[in-house]
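Comments concern the structure below.
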Amino acid sequence: MYKHVALLVRKPELSHDEFVEYWQEKHTPIARRIEGVVRYQTVVPADPEAAEFDGVAELYFDDLDALHDALGSEESRDYDPAKGYAKKARKDVDNFLDIERRPRFIGEEIVEKDETGGDTTGLYKHSAFLVRKDGMSHDDFLDHWANTHVPLAREIPGVVRYARVVPTDPDHSEFDGIAEL
């Protein structure tokens with residue numbers, strides 16, 4: 001499963017509540033209909049005053065070709081969809097997002113633990129956007145994460161789901177990975 005993760009930053013003239021209302025009521029119905037999307041998930045911060053972002057939007061696709069077919073070129077800072085609901089959604093983001101301050105991430109999701117039976121409704125999610133330490137290669141980072149850290153993370157009390165999201169193009173990614181608990 002591949003996913004496009006957008007860390008959402010609201011336009012300066014919107015309050016957090018105004019942003020969430022627009023995002024959930026007007027934008028989400030468009031985004032859910034983007035061709036090729038098999039799952040659309042939104043995450044609203046539990047404490048917006050302490051959060052770095054106003055929300056996270058996750059678009060899941062069965063394969064990378066479906067993602068690129070829906071969203072357009074992977075070379076641009078912000079995708080350039082040319083058709084269907086993806087084009088409508090891209091046009092709509094200008095109404096509520098500060099595009100220049102919104103990081104995005106394309107990656108493959110690797111589920112390491114799942115006791116949810118696929119139903120994450122009502123759960124709280126911690127997303128950590130990971131950057132490797134200086135002097136460590138991306139491959140060494142991934143190896144350590146998968147083989148040393150994941151076994152520890154699986155044992156954290158209360159964690160019912162743990163997934164790693166690994167970038168499909170690490171040379172052009174703003175993060176080395178996303179840990180989702």
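The values are calculated or read from the model by the stated rules, or taken from the named source; none is laboratory data. Remember, predicted model here, so these are calculated numbers, not experimental data. Cβ placement follows ideal geometry from the backbone for every residue including glycine, while neighbour counts extend to all protein chains displayed. Areas reflect the complete protein model, heavy atoms only, side chains present, ligands, DNA and RNA absent. Shrake-Rupley method; radii C 1.70, N 1.55, O 1.52, S 1.80 Å.
Which is the longest part of the chain that has none of the trypsin sites (Lys or Arg not before Pro) sitting in a DSSP loop with at most 16 other Cβ atoms within 10 Å?
Counting at most 16 other Cβ atoms within 10 Å as exposed, the longest clean stretch of the chain is 34-76.
Given a cut-off of 18 Å, name the pairs among Lys3/Lys91; Lys11/Lys83; Lys3/Lys125; Lys26/Lys87 whose C-alpha atoms lie farther apart than that in the structure shown.
From Lys3/Lys91; Lys11/Lys83; Lys3/Lys125; Lys26/Lys87, over 18 Å: Lys3/Lys91; Lys11/Lys83.
Under the classification rounded if a/c is under 1.5, otherwise prolate if a/b is larger than b/c and oblate if not, where does segment 11-117 fall, given a ≥ b ≥ c as square roots of the Cα gyration tensor eigenvalues?
Note, shape of segment 11-117 comes out oblate.
Report the FRET efficiency, 1/(1 + (r/R0)^6), for Glu109 and Glu21, where r is their Cβ-Cβ distance and R0 is 35 Å, rounded to 0.05.
Once the sixth-power term is evaluated, E becomes 0.75.
Multiply the residue gap between Asp143 and Ala50 by 0.36 nm, knock off their C-alpha separation, and tell me the result in nm, one decimal place.
Result: 30.3 nm gained on full extension.
Taking only protein heavy atoms and a 1.4 Å probe, what accessible area per residue, in Å², does segment 1-140 have with all protein chains in place?
Solvent-accessible surface per residue comes out at 58 Å².
So which residue, out of Phe141, Phe61, Phe105, gets the largest mean-square fluctuation from a GNM of the chain using Cα contacts under 10 Å as springs?
Evaluated over the chain, the most mobile residue of the options is Phe141.
Put +1 on the Cβ of each Lys and Arg and -1 on the Cβ of each Asp and Glu in the chain; which of Gly177, Val165, Val93 then has its Cα farthest toward the positive end of the dipole?
In the chain, that residue is Val93.
Per residue of the chain, what 222 nm ellipticity follows from adding -39500 (n - 2.57) for every DSSP H run with n ≥ 4, rounded to the nearest 500?
After summing the helix terms and dividing by residue count, I get -5500 deg cm²/dmol.
From the backbone phi of segment 137-152, what are the Karplus-calculated ³J(HN,Hα) couplings (6.51 cos²θ - 1.76 cosθ + 1.60, θ = phi - 60°) in whole Hz, Gly and Pro given as x?
6, 4, 5, 5, 4, 4, 4, 5, 4, 5, 9, 10, 7, 4, x, 6
Under the 0.36 nm per residue contour assumption, what length would be gained going from the current alpha-carbon distance of Ile156 and Tyr40 to full extension?
39.1 nm
Using +1 at the Cβ of each Lys and Arg and -1 at the Cβ of each Asp and Glu in the chain, identify which of His27, Phe129, Ile156 lies farthest towards the dipole's positive end.
My answer, from the dipole projection, is His27.
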